[in-house]
Structure formats: C-alpha cells, structure tokens
1. On a straight-distance basis, which lysines could pair with Lys168 in a cross-link, Cα separation under 17 angstrom, same-chain partners fewer than 8 positions away excluded?
2. Note down the magnitude of the dipole of the chain about its Cα centre, charges +1 on Lys and Arg C-beta and -1 on Asp and Glu C-beta and zero elsewhere, to the nearest 20 debye.
3. Can you check what the Kirkwood hydrodynamic radius comes to for the stretch 80-126, Cα pairs only, in Å to one decimal?
4. Amide H neighbours of Ile39 under 5 Å, at least 5 residues apart or on other chains, H built in the peptide plane: list them.
5. Which of Met111, Met208, Met166 comes first, and how do the rest follow, when ranked by fewest Cβ neighbours within 10 Å?
6. Sorting Ser164, Ser272, Ser251 on the 10 Å Cβ count, fewest up front, what's the list?
7. So which lysines can Lys102 reach, going by Cα to Cα under 29 Å and dropping same-chain residues fewer than 8 places off?
8. Go from 0 up to the bin containing the longest alpha carbon distance in the stretch 126-186, width 10 Å each, and give me the % of pairs per bin.
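Values in this text are rule-based calculations from the coordinates and carry no lab data. Note that the coordinates shown come from a computational prediction; the quantities given were computed from them, not determined experimentally. Neighbour counts are summed over all protein chains in view; Cβ atoms, including those assigned to glycine, are modelled from backbone coordinates with ideal geometry.
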Amino acid sequence: MQSLRHLLEKRYVMVLAGDVIPVLSPLAVVPPREEGQGILLGVDDKGRNIYLNPYSLPNVHGVILGTSGSGKSTLSRHIILEAREKGVKAWVIDPHGEEAYKRLFDNSIKMTVDKINILSIPGWSHEEYASELSRYIELIYAYYGSRNVIRKLILRCLKEGSLSPMEKFVDEDPDISRLYDDLIRIHGDAPTIAELSDRDIYFYFPTMVSQEIGRLSIQVLLLLLQGYRRSQGVKKRLEQIIILEEAHLFSKYLLSLYKEIRKWGYSLIAISQLPREFDIRLYQLAGFVLVLSGSESYIRDIAALFSITNDEKDHVLFASRGTALFFRQGDPRPRKVFLRIREEAFS
C-alpha cells in the first residue's frame, strides 16, 4: 500500500460528472504498453524506446511546445527525416525561413513570389470553400461584418476560375482593393494542390512581408490541403506530415481541424513557443503533445494546462536541450523523454 500511495501522490485525477473510475485499479498506476513502431523520439527514464505513431492515436494531429532555443525546429527536422525513411512525404510551412529547414528539401516555394493555384479546390464545394475562406479573411484583416460580401465575391471567382470578379470592385472599396492585391500575389496559373501534395516542399516567405498576407497565404494553403486530403478518402496509413511553425496564429482553424476524427492520411504538427495562445480545447483534441524544456514562467504555463507532478516539471525546467514530456491522448501520464535526435537534423 505504501508503494501504491507513492505512485499516486501529487497526481490530479479529473472526473467528469457521471463517470465512475476505480482510482485504485492497477490500470491507474501501471503504464500502458509502449508503442513499438513509428518515429523514434528517444528513450524514457526507464531506458525504453519511445515512438511517435500518429496513426495509432485517436487523433493524428499534434503539438510541439518549447521556448526559443529549446529545439522545437530541430525535433521537427528529426521527425521529417524519420518519416521519409518510412515513405511519408513532408511539408514545412515556415514564416521565418530557417535555412536549416530549407537544406532538407529539394523543392521550396517562396510564398507571394512563387504562385499557387488557389481556385482549384478538390474536396470542397464552391459554397463551402467560399464560406470557410471568407470566415478567416474576416479574422485576419479585421473586416468585421464583411464576411457575407467577401463570401459572395469569392464564390464568383471560383465559378469563373479567375479573380477578375473581385478586381471589378477595387475602385469602389479600399478593403476589397487590399484583399485583391494580396490574393493576386498568392494566386496564379501555377501548381494545384493535387500536384503540390505529392511532393516534399518547404514553404517560406520573403524577409519583408505583412502579417496579413503571410497569414492569408498559409490559411489558404491549409484549407486547400484539407480539402484535397478529404477528396482522397480515409487512409489506413500516414502519407504526409505537415510542420506548421508559429501555429498559434492559426488557433481557431486548428481547433476546427483537430475536431475531425477521421484519418485522411496526413498529420499536422503545430509548433509554438506560446502555449497559452492556443485554445485549451486544442490540447484535449490533439493526439499527442511534446513539451520541450524551458524557463520557470514557461513551465508554470505548462502546469496550468496539464496535470504534471513536480518530478515531471523538473525534467523540463531549465533542462538542457534534449528533454521532453510526451503526452498521448487517452493516457494522462506523460513520458519523460530523453530525445535522440538524428545528426542531420542539427545541420
């Protein structure tokens, strides 16, 4: 009984009304069987290999959190390299343009310079896509109350296969003029989402680009990919990983995406150093969360979001790069991981 009490101390158990949980059941203290395949992350404090296998989890999408310099991007590059060996394609969407990412890819797209076809929308109806895109445009540009007008204009553009219906109104409305100017910097007679999805691609931006066009470019890309993947049907294996840097800027979209429980063959991994910027429900929906090391204030934020013991806090508090807490949906106990990063990920 003493050993059982020791295992249970300082662990918060949150029970929804109506639930019945035998807290003293052996299942409450015995770790589940470890995943034996997937992307090798490292070893835990017991020396066991720890794998990330998104397709074995209820939700294929995940989150990586860490302060600046904690190794988020390095871990992401490791995941890409491991995934490639298993035949999984990868995209990186990187607003900052890290050279270390770019070196991993033969194909890169400089958004707002290299065009993509944003009017080829497999998996979406015209009405559905126009409604979704107008919703995010309203948020990105703070065009509050204009969603219905924008939706109708986008719908006309889709039906004509051109942005010319919007161009007709640029002299009448400065907001429409601004939106049109940004859209023509993204759209062109260029690769469609069907062509892009089959490649390993690094997406980045020029050094000087407005936050609005940057967010719009990424939002359009994510919507196009979501529709295309949906059009390909449910998949039995992982085919593509998407690394999204500065993901907290897309919290509302990610919350909607992560609610989808069907597996369309791709896993989006949201990267951020600002854990509180996400809607807390995102962490409940995510298939996995990797928490890297950081400062005391950062760990306080983590402790406010997750139930962790003092020992688990110490594992990532002011720790050297290479330590992490690994949460998986359905298992309230994080694994204390010592990451084993591939050498190529550091270059």
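1. Cα-Cα hits under 17 Å: Lys152, Lys159.
2. Magnitude of the dipole: close to 1120 debye.
3. 13.2 Å
4. Residues meeting the criterion, in which the H sits 1.01 Å from N, are Leu52, Asn53.
5. Met208, Met166, Met111
6. Ascending Cβ contact count within 10 Å gives the list Ser164, Ser251, Ser272.
7. Lys72, Lys86, Lys89, Lys110, Lys115, Lys235, Lys252, Lys263
8. 24, 62, 14
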